[in-house]
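Peer 1: This is the structure I want to talk about, given as structure tokens.
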Amino acid sequence: MRKTPSNNHRILLLLSLAVLISYAWILPAENPVFLSIIEKFEAYFTRLPQQKVFLDTDKSAYKADETLWFKANLVNAKTHLPDSSTNNLYVDLINPSGFVVQSKLIRMTRGFGNGDFSFKDTVPEGIYKIRAFTNWMRNTGEDYYFEKEFYLANPDFSTYITSSEVSKIKRESKKYHKKESSFDVQFLPEGGHLLANKDNVLGIKAINDLGHGIAVKGEILDSKGNLITEFSSSEFGLGSVHFRPEQDQKYTAIIQTPDSRSFKKELPEAILKGLVVHVKRINKDEISAKLLHNFMPGDFPANTRYFLLGHIRGNIVYRYEFDLSEALDSVTISTSDFPTGILHLTLFNLYSQPVSERLVFINNKDFLNIHMETAKNSLSPREKAMVKISVSDKKGNPVEGSFSVSIANAEDIKDDQNIVSNLLLDSDLKGKIENPAYYFSNWNPQKEKELDDLMLTNGWSRFSWPVVLSDNRIPPKFENEHGISISGKITRELFDIPLRDIKVTMSILNEFNDVFTTRSREKGIFSFDNLDYSDTVSVSIEAVRASGRHNLVIYLDEKTDSQDKNMHYQTKVKPKKRGEKGRYVELPDPSADDPYAEQNSRLYRIHQEPTASNVIIVDEKYQAYANVGEIIQGRIAGVNVSGNHVNIRGNSSYYGNTDPLFLVDGMPVDAEYALGMNPMDVERIEVLKGNDAAIYGSRAANGVIAIYTKRGKFMKKGILDFEMLGYATPKEYYKPKYEYRADDPYEDDRRTIFWMPYLLTDSDGRTSFEFYTSDIKGPYVIKVEGLSDSGIPGFGYMQMEVK
């Protein structure tokens, strides 16, 4: 029989329900708007995981006869775990003029790869750049690529230099010094705005047109000329000042530079109604975040609730909800459990709009500790030595991981960048960061303040909030690659109208003779994916209509821009006249084999084979020239260039002009176009005269200048021949063994005396290696850096001497 509850039970049940209802009001549910922001934020990083690349090079300065050795580390930008989602890494070498002169395709295995660049003795001296990126990283643009500058010295550069190169160096030197002396000072309010009648923090950033910091000092004056406060910046041009702007008052900064120049700059105007996030460090484990506003009581906005979201590299580590109508306007944030990195604090309103942002660097020093030990620090030339390495985490626990090791002459080492500073700092900031490694050595309150000034003045660049919060799910344009991909599109000859369902055949030449076939898709797009070839391979692509006709155009997708506009040409060589070898055209040795036979056999030819004396291969030496006209001038006997006119001596024309016929990949073009072509797009130039040009008939009475491009943009209709970049085959670093050849008379002039891209620690966090010193005496630096298996970066340096 069912028992009926008594009145006492009913009363107790009602009281319990009342308590639960009242408790629900005490603990309100999170705002659905703010929950939506979190969901979209996390979905964004799940849908579009981002990558970081760091290249560890053996040193920071090179000579023309040396090799640059590098190890590539590809990691997930959020976790810093090795990223195995792609097998392809593109690494470019960019010359002082900003042109890509060498490219490597590095095969990545479980997030790691290695390679090298060698330099010819004719390369220009100056500042070069190495750049690395994946195809997936192209979705977010070049701001996310890895870049590192280094100086390449060439003792023979002045020997090979030509008169045009001398003029170029003089012009570029003037431009460089002009940019060096021209600068700007920015005043950047904390949180995004200056608030009238409130104590604000104003960030200061002084940089020249080269992006280098300038140490400045100055004063802030009101409209009546009264001194309000003074300020100064560090050697990197960064600083901050506390400042209280009054309502309806304008302020001017009087700025002084180290060379005693002075100028004025207006400060941003203060707003009457607004709010920003103000951050202050309490101690090493805590910061306070204050909702700073200048709304008058009773004059609050309609919606008074705001949401503060904090994340480090896309990992949400903090969230808090403010209400302007309540007295509590600041919170204390414990940061002891946060990962080291940039804490990005964003304040949102009830409309999901970000209204203020503040970056704070959290340094919990949870990167790896790398300890090195040698039997002695002073060695003799060609002496054998051993280095023992132990790696531990923040708590002293042994760490397993993958590390690279180099030992190089101290003169060639510039410790301004390492894997820790790259992954934890400059890869997540917008703009150039000078000497990022500076902030991770000898940590002290002054560096903590300077790093906070950096946070005030350099914005976060990993994503845009409107993109994250948008409901528009645009698929990524570029995919991860698991093999070599060749893609492009097929169009009509005129108007670039795409052609679909066109048969496209790709032939791999050289010793392979492999053939692949596909058809063009929507918008004329075609692709050949998951190819696997090493080094550079000759390829021919042919497209044909159903009728068998070839009246169409083939375009290939490029993965590298032809020029880096951010490069500023600078060289320590200041020649006043052309060099000994640059003075004359070097005549070929008639007894030598034709050095262009291999290229001739691969190129589409419609005339007889040229001799070596009238061919210019556009290699690194010529890629620094402004255009094709500069290359031709003075290189081939009897050919004179003046503006857009070329005269080939010994030829005459029935029509009264002296211009030769210009061909680009066999197609006639006008002189202005041909002579103005970018040398980076050109593989070779041939000058034909007399009987060699007769095949072209009367239009070649003044000779022929035939230009062949690297990608064959003007190639025979429906056929495109080019060189495909295959996976680079890394060279093996030479390690001498002097216990067997101690009396070897060969001079050992290695400035990098040891390089190993893969050195693995065991379960005890230990490993070791042996090496021999070279004949070059002086101080050397042992450099070790890499990642633990759990994605924690670390680096270590140790000095030794060869006497």
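Peer 1: Per the 1.4 Å probe, what fraction of the accessible area of the stretch 38-186, in percent, lies on carbon and sulfur atoms? If you can, show how the numbers build up before the last one.
Peer 2: Numbers: 2460 of 5130 Å².
Carbon and sulfur together cover 48 percent of it.
Peer 1: Another question about this same structure. Taking Cα centroids, how far is the stretch 332-369 from the stretch 758-783 in Å?
Peer 2: Between the Cα centre of the stretch 332-369 and that of the stretch 758-783, the gap is 37 Å.
Peer 1: Which entry in (1) 11, 27, 30, 20, 10, 2, 0; (2) 16, 46, 31, 7, 0; (3) 13, 37, 34, 14, 2, 1, 0 matches P(r) over Cα pairs in 20 Å bins from 0, in percent derived from the coordinates of this structure?
Peer 2: Correct label is (3).
Peer 1: Next up: What 222 nm value per residue comes from the helices of the chain, counting each DSSP H run with n ≥ 4 as -39,500 (n - 2.57) and dividing by all residues, nearest 500 deg cm²/dmol?
Peer 2: On the way: 11 runs with 103 residues, N = 803.
After summing the helix terms and dividing by the residues of the chain, the value is -3500 deg cm²/dmol.
Peer 1: Now for a separate question. Which pairs, out of Lys565/Lys735; Lys572/Lys777; Lys52/Lys280; Lys572/Lys735; Lys63/Lys777, put more than 28 Å between their alpha-carbon atoms?
Peer 2: Working: Lys565/Lys735 39 Å; Lys572/Lys777 25 Å; Lys52/Lys280 30 Å; Lys572/Lys735 32 Å; Lys63/Lys777 17 Å.
Those over the limit are Lys565/Lys735; Lys52/Lys280; Lys572/Lys735.
Peer 1: Moving on. Any idea what the dipole of the chain comes to, in debye rounded to 20, about its Cα centre with Lys/Arg Cβ at +1 and Asp/Glu Cβ at -1? Write out the running numbers ahead of the final one.
Peer 2: Working: 99 positive and 109 negative charges, 278 e Å.
That gives the chain a dipole magnitude of about 1340 debye.
Peer 1: With viscosity set to 1.306 mPa s and temperature to 10 °C, compute the Stokes-Einstein D of the stretch 172-248, Rh being the Kirkwood radius across alpha carbon pairs; µm²/s, no decimals. Write out the running numbers ahead of the final one.
Peer 2: Details: Rh = 13.8 Å.
Using the Kirkwood radius from Cα pairs, D works out to 115 µm²/s.
Peer 1: Within 15 Å, Cβ to Cβ, of Glu434, how many net charges do the neighbouring residues add up to if Lys/Arg are +1 and Asp/Glu are -1?
Peer 2: Details: positive: Lys148, Lys205, Lys414, Lys430, Lys432, Lys447; negative: Glu147, Glu149, Glu180, Asp209, Glu235, Asp415, Asp416, Asp426, Glu450, Asp453.
Every neighbour counted, the sum reads -4.
Peer 1: Given the chain, what percent of its DSSP beta bridges are antiparallel, to the nearest 5? Mind dumping the intermediate values first?
Peer 2: Numbers: 186 of 199 bridges.
Percentage antiparallel, nearest 5: 95.
Peer 1: While we're on this one: Rounded to the nearest Å, what's the spacing between the alpha carbon centres of the stretch 445-459 and the stretch 548-574? Just the number, please.
Peer 2: Spelled out, the Cα-based centre of one part sits 38 Å from the other.
Peer 1: Then there's this: Of the lysine pairs in the stretch 419-529, how many meet both conditions: Cα atoms under 15 Å apart, and a spacing of 8 or more in sequence or different chains? Intermediate results must be reported in sequence, preceding the final value.
Peer 2: Details: Lys477/Lys489; Lys477/Lys523; Lys489/Lys503; Lys489/Lys523; Lys503/Lys523.
The number of close lysine pairs in the stretch 419-529 is 5.
Peer 1: For the stretch 366-510, which whole percent of the accessible surface, found with a 1.4 angstrom probe, sits on carbon and sulfur atoms?
Peer 2: Values: 3330 of 6860 Å².
Carbon plus sulfur share of accessible area: 49 percent.
Peer 1: Any idea what the relative contact order of the chain is, in percent, if you count C-alpha pairs under 8 Å spaced at least 6 apart? Mind showing how you got there, number by number?
Peer 2: On the way: 1719 pairs, mean separation 128.4, N = 803.
So the answer I get is 16 percent.
Peer 1: Right, another one. Just the number please: accessible area per residue for the chain, 1.4 Å probe, all protein chains included, in Å². Don't skip to the answer; put the middle values down first.
Peer 2: Values: 39260 Å² over 803 residues.
Solvent-accessible surface per residue comes out at 49 Å².
Peer 1: I'd like to verify something in the chain: which complete DSSP H helices, judged by Cα projection on the helix axis, reach 15 Å or more and average at least 0.0 on the Kyte-Doolittle scale? Display every interim value, and only then the final one.
Peer 2: Values: long enough: 7-26 (28 Å, 1.28); 32-47 (22 Å, 0.46); 163-181 (28 Å, -2.01); 445-457 (18 Å, -1.10).
Span-like helices here: 7-26, 32-47.
The values are calculated or read from the model by the stated rules, or taken from the named source; none is laboratory data. Quantities reported herein were computed from a predicted structural model and do not represent experimental measurements. Neighbour counts are summed over all protein chains in view; Cβ atoms, including those assigned to glycine, are modelled from backbone coordinates with ideal geometry. Areas reflect the complete protein model, heavy atoms only, side chains present, ligands, DNA and RNA absent. Shrake-Rupley method; radii C 1.70, N 1.55, O 1.52, S 1.80 Å.
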